[in-house]
Amino acid sequence: MQSVRLTVLYFASLREAAGRAEETVQTDAASLREVYEHLQACHGLPFPVERLRVAVDGAFARWEDAPQTGSEVAFIPPVSGG
């Protein structure tokens, strides 16, 4: 797998846990799931993959999708409404 450079966006409680709204990441991950799991370990992100949605360049994506250089990846936590 070739290394790719991504912009990662964090929303809501993930932003609080990561201590930032976005960051640029260089990764060899084969899937978006692997990208998240690496960042989860680095930042202590509170949610397992199964509780999140992932979007790439503004459109929902699948966790199995391979990250692409230059993409903007957003991890979206569950939202409580009322």
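The values are calculated or read from the model by the stated rules, or taken from the named source; none is laboratory data. Since we're looking at a predicted model, the values are computed, not measured. Backbone-built Cβ (ideal geometry, glycine too); neighbour counts: all protein chains shown.
Annotations for the structure displayed:
- Selection of first residues in segment 47-67 that are under 19 Å from Glu16 (Cα atoms) and free of Cβ contacts under 8 Å to residues at least 60 places away in the same chain and of second residues that are assigned to a helix (DSSP H, G or I) and of a type in the set (A, V, I, L, M, F, W, C), restricted to Cβ pairs under 7 Å at least 6 apart or on distinct chains, gives the following pairs, ordered by first then second residue: Val54/Leu32.
- Each residue in segment 1-56 was checked for being under 11 Å from Pro67 (Cα atoms) and of a type in the set (Asp, Glu), and 2 pass.
- Flag if Ala66 is of a type outside the set (Asp, Glu), in contact with a strand residue (DSSP E or B) (Cβ under 6 Å, 6 or more places away or on another chain) and modelled with pLDDT of 95 or more: no
- Flag for Pro46 being under 16 Å from Leu6 (Cβ atoms) and part of a loop (DSSP other than H, G, I, E, B): no
- Among the conditions (1) under 9 Å from the mean Cα position of the chain (by Cα); (2) of a type in the set (Ser, Thr, Tyr); (3) assigned to a loop (DSSP other than H, G, I, E, B), the only one that Tyr36 does not satisfy is (3).
- For Asp28, the conditions (1) surrounded by 11 or more Cβ atoms within 10 Å (Cβ to Cβ); (2) free of Cβ contacts under 8 Å to residues at least 12 places away in the same chain are fulfilled apart from (2).
- Matching residues, segment 13-24, being surrounded by 13 or more Cβ atoms within 10 Å (Cβ to Cβ) and over 11 Å from His43 (Cβ atoms): Ser13, Glu22
- Neighbours by Cβ (under 7 Å, 6+ apart or cross-chain): first from segment 1-19, under 9 Å from Phe75 (Cβ atoms); second acidic (Asp, Glu) and modelled with pLDDT of 95 or more: Val8/Glu22; Val8/Glu23; Leu9/Glu22; Leu9/Glu72; Tyr10/Glu22
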